[in-house]
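J.: Supplied in structure tokens, the structure appears directly below.
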Amino acid sequence: MLPQARGIFPRACAVLVVGIAGLLGGCGEREAPDARIKEVIAAGERAAEARDLSALLEHVSPAFRDEHGGGRDELKQVLRGYLVTHPSVHLLTRVERIEFPYRDFARVELTVGSLGRESAAATGFELAADVNDVVLELQLEDDEWKVVRAAWGPRRRD
């Protein structure tokens, strides 16, 4: 998986991960599964930018684990803290690869760029910009895709 990140970076990335993946649930498979995932990634991006914590967590599995062993409750706390300290979040996402090793399991690799204003405690108008590699694993649960695992880290330069 991706290397471990330290400091605020993991919290910022958690917002990105869930923002992109939080709504990766879908009812049924009327369309090709990869097309459905791409459509819902766009919806997840909008939910993150709207700072809607409930929408971000709606499709995260109760069995969720991040790359450091943190669960859904820890993710919720990290997201809440990030949204409180960042009044503005802007995302740019690119799907690099979608794999379906099993009918009910997907692995998605994304590149995510974020731009967010720092907390009000900052002395000036300081911006934080990050580009990250994100890997999501999704499980089909009751006809909805649920995020069960997530890993992220700084963009690797090829």
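J.: Could you please tell me which pairs satisfy a Cβ distance under 6 Å, a separation of 6+ or placement on different chains, a first residue in the range 76-96 that is in contact (Cβ under 8 Å) with a residue 12 or more places away in the chain, and a second residue that is assigned to a strand (DSSP E or B) and of a type in the set (D, E)?
T.: Pairs that qualify, where the first residue is in contact (Cβ under 8 Å) with a residue 12 or more places away in the chain and the partner is assigned to a strand (DSSP E or B) and of a type in the set (D, E), are E96/E109.
J.: Of all residues in the range 132-145, which are in a strand (DSSP E or B), more than 12 Å from the chain's Cα centre (by Cα) and touching a residue at least 60 places away in the same chain (Cβ under 8 Å)? Break it down stepwise before answering.
T.: Kept after step one, since they are in a strand (DSSP E or B), are these residues of the range 132-145: 132-141, 144-145.
If we keep only those that are more than 12 Å from the chain's Cα centre (by Cα) as well, we get 139-141, 144-145.
Of everything in the range 132-145, those that are in a strand (DSSP E or B), more than 12 Å from the chain's Cα centre (by Cα) and touching a residue at least 60 places away in the same chain (Cβ under 8 Å) turn out to be Q139, E141, E144, W145.
J.: Is it true that V112 is modelled with pLDDT of 70 or more, more than 18 Å from A42 (Cα to Cα) and of a type in the set (A, V, I, L, M, F, W, C)?
T.: Values: modelled with pLDDT of 70 or more: yes; more than 18 Å from A42 (Cα to Cα): no; of a type in the set (A, V, I, L, M, F, W, C): yes.
So V112 fails the test.
J.: Within the range 64-82, take every residue that is in contact with a Lys or Arg (Cβ under 8 Å, 6 or more places away or on another chain) and small (G, A, S) and give me the one that is modelled with the lowest pLDDT.
T.: So the residue we want is G81.
J.: May I ask you to list the residues in the range 24-52 that are crowded, with 18+ Cβ neighbours inside 10 Å and at pLDDT 80 or above?
T.: Listed by number, the residues that qualify are E45, A47, A48, R51.
J.: Looking at D52, D66, which is the one that is within 12 Å of the chain's Cα centre (by Cα), among the charged types (D, E, K, R) and under 23 Å from W145 (Cβ atoms)? Step through it out loud before you land on a result.
T.: Working: D52 fails: within 12 Å of the chain's Cα centre (by Cα).
Result: D66 is the single residue among D52, D66 that is within 12 Å of the chain's Cα centre (by Cα), among the charged types (D, E, K, R) and under 23 Å from W145 (Cβ atoms).
The values are calculated or read from the model by the stated rules, or taken from the named source; none is laboratory data. Note that the structure is predicted; figures quoted are calculated from it, not measured. Every residue, glycine as well, gets a Cβ built from its backbone with ideal geometry; the counts of neighbours run over all protein chains shown.
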